[in-house]
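Asks: Take a look at the following structure, please.
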Amino acid sequence: MKKFPSGRRTGLMAVAVTMALSLGLSACGSDDSGASGGDADITFIPKNLGNPYFDASNTGGQKAAKEFDGSFKQVGPTEATPDSQVSFINTATQQGAGAIVISANDPKAIGDALQEARDAGTKVVTFDSDTDPEYRDVFVSQADAEGIAAKQVELIAKAIGDKGEVAILSAAANATNQNEWIKLMEKDLAANHPGIKLVDTVYGNDDDQTSFDKTAALLQSHPNLKGIISPTTVGIAAAARYLSTSQYKGKVALTGLGTPNQMREYVKDGTVESFALWSPEDLGYLSAYAADALISGDITGEEGDTFEAGELGEYTVGPDGLVGLGDPTEFNKGNIDDFDF
Amino acid sequence: MTRLASLLKQRETGILVAFLLFLAVTTAINPRFLFSSDGWRDLLLTPSILVLLAVGQAMVIITRSVDLSVGSIVALTAYLTGRLFLDTGLPIAVVVVLAVLAGMVLGLINGALVAFAKVPALVITLGTLYAYRGIMLQWAGSDRINASDIPDAWLTFGTSSLLGIPLLAVVSLLVLAGVAWFMHNARAGRELYAIGSDPDAAVLYGLKVKSRVLLAFAASGALAGLAGVLYVSRYGTISSGVGMGVELEAVGAAVIGGVAIFGGSGTVLGAAIGAYLLTTINRGLPILGIEDFWQRAVVGLLIIAAIVLDKLLADRQHRKLLAERNQ
């Protein structure tokens, strides 16, 4: 978490290097900056530095780069504002980076900068958060909606013995991704788990206190409740905190999407058996491999292109240049200490 | 008999009756709302933090000001608490004192701006609401403090009970009792009412208006600081959104509890009961199966009703006094 100072220094150095480089380039009148990039020279630009989530994806990217013998660096802004990434994109372009791997703070604001990068021969991979499709070659998505929904249903079914009443504690009532997952979970439950009955869906608005109160209300108004699914990191932590000191601890199961750091306490004290989230490390790892495949020309971002991503195996590019990471990772007592984000 | 009559006339009694009525109806529909160990605990525990804020807010409103920055103060002091636990090995008691002091300093800044710059508190504290939140965002960023970063003893404090009464509720009730005594009996407390009733008269009378206004804001800030520390012990997770919007709940609780928005009348006890009523309604409506939207609408109606009632009572009092004079 204390990566601000070093990150900022790298950023400054990058700017200094760029200035020197661009001076040199303009002196000899060359505009073919793409050629100066190495074979697999990859620059990661997260939404912001000092964010444990991106620290993890960074680790994954670095690991991948080591495996395919490319060079790796991470630069980025200290805060996730829409246009804060532009200068870092420009720098990477001028340095002739082989590929930029970026989690976009804004789908449009960085579009022009990315377009310039691509004109200069730099490949662009977005991960975690996409831009409009015309600005990048591929998007590595963590959120394969079906996979996420299926995983949560699987975990709750396992926790309650595939029978009984469950409820969902979501974020805001109009949150697009949550609603999509909920719809898919409903479908999955109806089709494959006839013993489980979804009795209620409530909205905690990603606010600790509201999620707390909604959890209490769920437990009181549904005496036969066996489990709660909370597909939002704020919701699951609040529900876990409520359950951990409630008379229902151990009687009502809880699962959903959360980060290991916020859930560690509750997994260890037995409130929560298991929960899920995609692994940001794998996300970074896969993104780096996708960038490498683009640089080497193995893929162009067309639908149907396939590439190898080290230990994760083979991936196929879907429509709109989409690469899905696949099923989320399950966290439980056994593996939670291996993760820090 | 006159004693009973005057008790019935108190605004606090009306709010208390409304609270008990709501409690009775909800419990009749779902007995577990009150008669389960969770239900009983939540009834007392959930309003505790809002009670502190409402008490502080009442002190400020009584002086004919308002403190809109308390939500941001809660956020800053909660994050400060988390950071102190995480980065220093200070004992819990020291951390609590530091957070309360930090809240008081933020409150003093509000008070100084209001008392010396002579700009309405509404504007000043709206400004500091954003300024303090901005500092919080800059400081915390996307960082989040998790329950595992907080000492177990402090987390346990947030949920354990003494003789069936949650410790947080005990703290808030002690604070309430202290402030209620101060407002009712202490000279400085009475002067807050005098200032709110008629600021010009208070100056002419020779009251130390500035230092009293400072006192009210410092108290509100310190109570918000205390609320911030207690937030940590209750919720365990602190992100940059902590306390967003609670300032309006605090104002709402005070107004519902009979604290006149133009100052000079009302009690902190009423504000505290208002906080209980507001929180319990928020908890009870979902249990009654009422939808989210209507929950907010009901709270809004309550606030409007309280203000209209205030106005009617004030008008009646005014007419009565006029009639007495003309006799």
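Asks: If you take just the helices (runs of 4 or more DSSP H) that sit entirely in the stretch B:218-327, which of them hold at least 2 residues that are surrounded by fewer than 19 Cβ atoms within 10 Å (Cβ to Cβ), without any contact (Cβ under 8 Å) to a residue 40 or more places away in the chain and away from every other protein chain (no Cβ under 14 Å)? Even if it seems obvious, please write down each step before you answer.
Replies: On the way: elements: B:246-256, B:268-287, B:292-326.
Hits in the stretch B:218-327: B:292-326.
Asks: Looking at this structure, is B:Arg32 surrounded by fewer than 24 Cβ atoms within 10 Å (Cβ to Cβ) and in a helix (DSSP H, G or I)?
Replies: So B:Arg32 passes the test.
Asks: Any residue that is under 22 Å from A:Ala150 (Cβ atoms), outside any helix (DSSP H, G or I) and in contact with a Gly (Cβ under 9 Å, 6 or more places away or on another chain) - is there at least one of those in the stretch A:289-310?
Replies: No.
Asks: Does B:Leu168 satisfy being of a type outside the set (Phe, Trp, Tyr), closer than 24 Å to B:Gly82 by Cα and modelled with pLDDT of 90 or more?
Replies: Judged against the criteria, B:Leu168 is a match.
Asks: Of the residues B:Leu113, B:Leu167, B:Leu122, B:Leu162, only one is over 30 Å from B:Asp38 (Cα atoms) and over 17 Å from the mean Cα position of the chain (by Cα); which? Reasoning before the result, please.
Replies: Details: B:Leu167 fails: over 30 Å from B:Asp38 (Cα atoms); B:Leu122 fails: over 17 Å from the mean Cα position of the chain (by Cα); B:Leu162 fails: over 30 Å from B:Asp38 (Cα atoms).
Within the list B:Leu113, B:Leu167, B:Leu122, B:Leu162, the selection yields B:Leu113.
Asks: Exactly one of these conditions fails for A:Phe212: (1) away from chain B (no Cβ under 14 Å); (2) part of a helix (DSSP H, G or I); (3) not charged (D, E, K, R). Give me its number.
Replies: (1)
Asks: In addition: Just to be sure, is A:Thr201 over 28 Å from B:Ala28 (Cβ atoms), hydroxyl-bearing (Ser, Thr, Tyr), more than 10 Å from chain B (Cβ to nearest Cβ) and not in a loop (DSSP other than H, G, I, E, B)? Spell out how you get there, then give the answer.
Replies: Numbers: over 28 Å from B:Ala28 (Cβ atoms): no; hydroxyl-bearing (Ser, Thr, Tyr): yes; more than 10 Å from chain B (Cβ to nearest Cβ): yes; not in a loop (DSSP other than H, G, I, E, B): yes.
So A:Thr201 does not fit the description; no.
Asks: I'd like the residue in the stretch B:134-170 that is surrounded by fewer than 19 Cβ atoms within 10 Å (Cβ to Cβ), in contact with a Leu (Cβ under 7 Å, 6 or more places away or on another chain) and part of a strand (DSSP E or B) and, out of all such residues, is farthest from the other protein chains (Cβ to nearest Cβ).
Replies: Here the residue is B:Ile165.
Asks: Of all residues in the stretch A:244-269, how many are part of a strand (DSSP E or B) and β-branched (Val, Ile, Thr)?
Replies: Count: 1.
Asks: Exactly one of (1) in a loop (DSSP other than H, G, I, E, B); (2) surrounded by fewer than 24 Cβ atoms within 10 Å (Cβ to Cβ) is unmet by A:Val272. Its number?
Replies: Of the numbered conditions (1) in a loop (DSSP other than H, G, I, E, B); (2) surrounded by fewer than 24 Cβ atoms within 10 Å (Cβ to Cβ), the odd one out for A:Val272 is (2).
Asks: With B:Asp42, B:Asp38 as the choices, which residue is crowded, with 17+ Cβ neighbours inside 10 Å, free of Cβ contacts under 8 Å to residues at least 24 places away in the same chain and either assigned to a helix (DSSP H, G or I) or within 14 Å of chain A (Cβ to nearest Cβ) (or both)?
Replies: Values: B:Asp42 fails: free of Cβ contacts under 8 Å to residues at least 24 places away in the same chain.
Testing whether each residue is crowded, with 17+ Cβ neighbours inside 10 Å, free of Cβ contacts under 8 Å to residues at least 24 places away in the same chain and either assigned to a helix (DSSP H, G or I) or within 14 Å of chain A (Cβ to nearest Cβ) (or both) leaves just B:Asp38.
Asks: Report yes if B:Leu21 is surrounded by fewer than 12 Cβ atoms within 10 Å (Cβ to Cβ) and at pLDDT below 85, otherwise no.
Replies: For B:Leu21, the condition - surrounded by fewer than 12 Cβ atoms within 10 Å (Cβ to Cβ) and at pLDDT below 85 - is not met.
Asks: Quick one: B:Asp87 ticks every box in (1) more than 27 Å from A:Val272 (Cα to Cα); (2) in contact (Cβ under 8 Å) with a residue 24 or more places away in the chain; (3) within 14 Å of another protein chain (Cβ to nearest Cβ) except a single one, so which number is it?
Replies: (2)
Asks: Within the stretch A:65-79, count every residue that is under 11 Å from A:Ile45 (Cα atoms) and either of a type in the set (A, V, I, L, M) or assigned to a helix (DSSP H, G or I) (or both).
Replies: Within the stretch A:65-79, residues that are under 11 Å from A:Ile45 (Cα atoms) and either of a type in the set (A, V, I, L, M) or assigned to a helix (DSSP H, G or I) (or both) number 1.
Asks: Condition (residue is in contact (Cβ under 8 Å) with a residue 60 or more places away in the chain, in contact with a strand residue (DSSP E or B) (Cβ under 8 Å, 6 or more places away or on another chain) and away from chain B (no Cβ under 14 Å)) applied to the stretch A:49-58: is it met by at least one residue?
Replies: yes
Asks: Mind listing just one residue for me: the one in the stretch A:79-93 that is within 14 Å of chain B (Cβ to nearest Cβ) and crowded, with 17+ Cβ neighbours inside 10 Å and, of those, farthest from B:Ile135 (Cα to Cα)?
Replies: Among residues in the stretch A:79-93 that are within 14 Å of chain B (Cβ to nearest Cβ) and crowded, with 17+ Cβ neighbours inside 10 Å, the one farthest from B:Ile135 (Cα to Cα) is A:Ser84.
Asks: Could you say whether any residue in the stretch A:217-236 is within 27 Å of the chain's Cα centre (by Cα) and in a loop (DSSP other than H, G, I, E, B)?
Replies: Within the stretch A:217-236, one or more residues are within 27 Å of the chain's Cα centre (by Cα) and in a loop (DSSP other than H, G, I, E, B).
Asks: Oh, and also: Answer with yes or no whether B:Ala58 is farther than 14 Å from B:Ile150 by Cβ and at pLDDT 95 or above.
Replies: So B:Ala58 passes the test.
Asks: Give me a count of the residues in the stretch A:169-183 that are within 14 Å of chain B (Cβ to nearest Cβ) and buried (at least 19 other Cβ atoms within 10 Å of the Cβ).
Replies: Here the count works out to 3.
Asks: If only one of B:Ala194, B:Ala180 is of a type in the set (A, V, I, L, M), farther than 25 Å from B:Ser240 by Cα, outside any loop (DSSP other than H, G, I, E, B) and in contact with a Phe, Trp or Tyr (Cβ under 9 Å, 6 or more places away or on another chain), which one is it?
Replies: B:Ala194
Asks: Considering the stretch A:124-148 alone, what residues qualify as being in contact (Cβ under 8 Å) with a residue 60 or more places away in the chain, in contact with a Lys or Arg (Cβ under 9 Å, 6 or more places away or on another chain) and not hydroxyl-bearing (Ser, Thr, Tyr)?
Replies: Across the stretch A:124-148, the qualifying residues are A:Val125, A:Asp128, A:Arg136, A:Asp137, A:Val138.
Asks: Still on this model: Please give the number of the condition A:Val267 fails out of (1) within 12 Å of another protein chain (Cβ to nearest Cβ); (2) out of contact with any Asp or Glu (no Cβ under 8 Å at 6 or more places or on another chain); (3) at pLDDT 90 or above.
Replies: (2)
Asks: Restricting attention to the stretch B:171-190, which residues are of a type in the set (Gly, Ala, Ser), within 15 Å of the chain's Cα centre (by Cα) and surrounded by fewer than 14 Cβ atoms within 10 Å (Cβ to Cβ)?
Replies: Correct list: B:Ala177, B:Gly178.
Asks: Would you confirm whether any residue within the stretch A:287-305 is aliphatic (A, V, I, L, M), touching a residue at least 24 places away in the same chain (Cβ under 8 Å), surrounded by 23 or more Cβ atoms within 10 Å (Cβ to Cβ) and touching a Leu at 6+ places or on another chain (Cβ under 6 Å)?
Replies: No, the conditions are met nowhere in the stretch A:287-305.
Asks: Contact list please: Cβ distance under 6 Å, first residue in the stretch B:151-175 and closer than 19 Å to B:Ala227 by Cβ, second residue among the polar types (S, T, N, Q), pairs at least six apart or on different chains.
Replies: Every condition considered, the pairs that remain are B:Trp154/B:Ser233; B:Phe157/B:Ser233; B:Gly158/B:Ser233; B:Thr159/A:Thr245; B:Leu167/B:Ser160; B:Leu168/B:Ser48; B:Ala169/B:Ser48; B:Ser172/B:Ser48.
The values are calculated or read from the model by the stated rules, or taken from the named source; none is laboratory data. Bear in mind the structure is a predicted one, so any value in this text is a computation, not a measurement. For neighbour counting, all protein chains shown are included, and Cβ atoms are generated from backbone atoms with ideal geometry for every residue, glycine included.
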